[in-house]
Amino acid sequence: MMAARASAPRWLRALLSSATGWFGVIVVVLLALTAVVSLFWMPFDPMLSDIRGRWATPSWPHLLGTDGTGRDILSLLMAGARTTVFVAVGSGIVATIVGILLAALGALTARWMRETVAVLVDILIAFPVLMIAMMISAVWGGSLWVVVFSVGIGFGVSIARVTRPELRRVQQSDFVVAGRASGLTNGQNLIRHLLPNVAPVFIVQLSWSMAVAVLAEAGLSYLGFGASLTESSWGLLLADLQRYIGVHPLTVVWPGLAITITVLGLNLLGDALREATDPTLSRRAAQVHLPEAIA
């Protein structure tokens, strides 16, 4: 075990040495495992109604109880995990493509193109992601694909804004200049030198974006702009159950808790990744504790 940890990258050892990092990793792994398991097994069909068993309290065989139509809440949460993973991963892929494209255009092209991209990013970042998704949904109808693309584009712009100055900074490095002198094109330099050196900043921003994507999907589904009624979603389940919160308050706790823990885990994972991949933070911490150590 110690040998395996010693052979791991420094940032991974730093990530797993913090409580927030462990919490984020555990939440992500549990979410992924739940989504995978739900593809093959669930306690009950999440869309199966049983009027005689509605509003059952947590007990066997309904471990988390049932809703107003007799559907098993645990099965609904497991099915909703698939939607959460789909939105988080899908929006992350879209944000990656949009972020890298805009950051590369804003850092490696001619001056007029760089200034145009900078203005475009400033304009797009002024619009909240939820507002963009609601406007797109009003035209194309609410669906998970609308959520994925709108959230992915919105956070891709944010990632580009943070990554672009890092690309500009790394572009002035000696190894990048040497690569350009050896005949590498901007695209080859981007893949070989620039992206690997800005990867830590990019990964941190991506993890935070995926956390907000989960929250955005739940919020849009809650408002009726996200998942359709035939799909399982924590936001839809929360919207359906909150009408009965005064009579059956415990049923509202489960989807709210699932959303809260998932978003908290992804946010803490992003914070832990930032601390693990940014050496200046560890040096600052050492400088802060240095007087105590000397004393």
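For region 210-225 and region 240-278, compute the distance between their C-alpha centroids and round to whole Å.
12
Got a sec? Charge dipole of region 178-274, +1 on Cβ for Lys and Arg, -1 for Asp and Glu; which of A272, T262, L236 is way out at the positive end?
A272
Estimate the FRET efficiency between S143 and I97 by the formula 1/(1 + (r/R0)^6), using the beta-carbon distance for r and 22 Å for R0, to the nearest 0.05.
After rounding, the FRET efficiency stands at 0.65.
Just report the Cα centroid separation between region 130-158 and region 29-49, whole Å.
Comparing the Cα centres of region 130-158 and region 29-49, I get a distance of 26 Å.
With P(r) over Cα pairs in 5 Å bins from 0, in percent defined as stated, name the option among (1) 1, 5, 11, 15, 18, 15, 10, 6, 3, 2, 1, 1, 1, 1, 1, 1, 1, 1, 1, 1, 1, 0, 0, 0, 0; (2) 1, 6, 13, 17, 19, 18, 14, 8, 3, 1; (3) 1, 5, 10, 13, 14, 13, 12, 10, 8, 6, 4, 2, 1, 0, 0, 0 computed from the structure displayed.
For P(r) over Cα pairs in 5 Å bins from 0, in percent, the calculated option is (3).
For the chain, what does the helix formula give at 222 nm: sum of -39500 (n - 2.57) over DSSP H segments with n ≥ 4, over the residue count, nearest 500 deg cm²/dmol?
About -25000 deg cm²/dmol.
Probe 1.4 Å, all protein chains in place: accessible area of I245 in Å², nearest 10?
Accessible area of I245: about 90 Å².
Per the 1.4 Å probe, what fraction of the accessible area of the chain, in percent, lies on carbon and sulfur atoms?
For the chain, the apolar C and S fraction of the accessible surface comes to 70 percent.
Ordering I261, I132, I191, I73 from largest to smallest accessible area (1.4 angstrom probe), what's the sequence?
Values: I261 75, I132 35, I191 120, I73 0 Å².
Listed by decreasing accessible area, they come as I191, I261, I132, I73.
Give me the distance in nm between label points sitting 7 Å out from Cα along the Cα-to-Cβ direction at R10 and T260, one decimal.
In this crude label model, R10 to T260 measures out at 3.9 nm.
Determine the shape class of region 4-138: with a ≥ b ≥ c the square roots of the Cα gyration tensor eigenvalues, call it rounded for a/c under 1.5, and otherwise prolate if a/b is greater than b/c, oblate otherwise. Each step should come with its number before you reach the end.
Values: a/c = 3.58, a/b = 1.63, b/c = 2.20.
It is oblate, given that a/c is not under 1.5 and a/b is not larger than b/c.
Where in the chain are the helices, taken as whole DSSP H runs, whose Cα atoms extend 20 angstrom or more along the long axis and whose Kyte-Doolittle mean reaches at least 1.0?
19-40, 73-108, 111-125, 195-223, 249-277
How much solvent-accessible surface does L250 expose, in Å² to the nearest 10, with a 1.4 Å probe and all protein chains in place?
80
Could you do me a favour and compute the accessible area per residue for region 207-248, 1.4 Å probe, result in Å²? It would help to have the intermediate numbers written out before the result.
Numbers: 1880 Å² over 42 residues.
Per-residue accessible area for region 207-248 comes out at 45 Å².
Multiplying the sequence separation of M131 and R54 by 0.36 nm and subtracting their Cα-Cα distance, what value in nm do you get?
Gain on stretching M131 to R54: 24.1 nm.
Can you give me the accessible area per residue for region 80-157, using a 1.4 Å probe, in Å²?
Roughly 48 Å² per residue, with all protein chains present.
Where the only charges are on Cβ atoms (+1 Lys, Arg; -1 Asp, Glu), what is the dipole of the chain about its Cα centre, to the nearest 20 debye? Don't jump to the answer; show the numbers that get you there.
Values: 19 positive and 15 negative charges, 164 e Å.
For this selection, approximately 780 debye.
The values are calculated or read from the model by the stated rules, or taken from the named source; none is laboratory data. Bear in mind the structure is a predicted one, so any value in this text is a computation, not a measurement. Cβ sites come from the backbone with ideal geometry, for glycine too, and all protein chains shown count toward neighbours. Just so you know, the surface numbers come from the protein's heavy atoms only, side chains and all, with ligands and any DNA or RNA stripped out. Shrake-Rupley method; radii C 1.70, N 1.55, O 1.52, S 1.80 Å.
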